[in-house]
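Each value in this text was obtained by applying a stated rule to the coordinates, not by laboratory testing. Since we're looking at a predicted model, the values are computed, not measured. Here Cβ is always computed from backbone atoms with ideal geometry, including for glycine, and neighbour counts include all displayed protein chains.
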């Protein structure tokens, strides 16, 4: 029954997803009540963290192949729900993490924060982080806010953009809200909120482009070994890698559109390129999307 409910978490039907997450709270609380400190050593919880629109569900499908892990539907974002979309405090994020169970997969869009970093270490989380070429993130966000998630607080801004080109520019420049009701800064700031996870020694950071290449087996195997190095449970890394690769079915994600690399090249015009370079150009060189600024 738990496995069926876990599968329902990936349904394209929002009511089914929320219903399964609610139903999974009972077995989660039971697992927490029966656990002891040693259980987090044998079966550490997993944080499947991501830069939004960077392959969140792809990461989910890989980590769900890890041994003795359970997905109870927990999702932690540094931004609150789509309807409110305000910043969550560090204390709120830490309280959420302290409610996790041994072996639980917690999916997240979690900014770097020293308090959060300390809580993850204390709770023995195995942390994975996926990120993507920020230009493709911009394009994916544009389509998501403009036409996919019509309930999101940012949807009216993207819907009312006079053209797709204007919407792409909005995703690059962000929303300037003098009242502070909306927090959607320019793409450079949005990326920087997550940036310190990429080089963090306790984090297995992986690029979306690695996991969608013909050579993705090496990246997945690196992820599996990262987990096994931090778990007391014996397991066959090669077998788990094959299982994880078999799990990868992007079209099952309810937010899946195309999932391709480099789509920004067809969508960006010269003005998009110029503004992006001004606001976030160095990020592309730092994180290996480009060799230099001549793109």
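Before moving on, here are some points about what is shown:
- The alpha-carbon positions of the chain define a convex hull whose volume is 134 Å³ per residue.
- Against the chain, whose longest principal axis comes from its Cα atoms, helix 187-198 is set at around 30 degrees.
- Rounded if a/c under 1.5, otherwise prolate or oblate - the stretch 58-107, Cα gyration tensor axes: oblate
- Max mean-square fluctuation residue, GNM over the chain, Cα-Cα springs under 10 Å, options 128, 268, 208: 268
- Shape category assigned to the stretch 115-182 from the gyration tensor of Cα positions, a/c cut at 1.5: prolate
- Rounded if a/c under 1.5, otherwise prolate or oblate - the stretch 150-222, Cα gyration tensor axes: prolate
- Rounded to the nearest 10 degrees, the inclination of helix 134-143 to the longest alpha-carbon principal axis of the chain is 80 degrees.
- Burial order of peptide ranges 164-172, 149-157, 233-241 (average beta-carbon count within 10 Å, highest first): 164-172, 149-157, 233-241
- Percent antiparallel among DSSP beta bridges (both partners in the chain, rounded to 5): 10 percent
- Nearest 10 degrees, 0 to 90: helix 164-173 Cα axis against the chain principal axis: 70 degrees
- Residue of 22, 51, 139 that the Gaussian network model of the chain assigns the largest fluctuation, springs spanning Cα pairs under 10 Å: 22
- Contact order relative to length of the chain, as percent, for alpha carbon pairs under 8 angstrom and 6 or more apart: 22 percent
- CD proxy at 222 nm, helix term only [per DSSP H run n ≥ 4: -39500 (n - 2.57); per residue of the chain; nearest 500]: -13500 deg cm²/dmol
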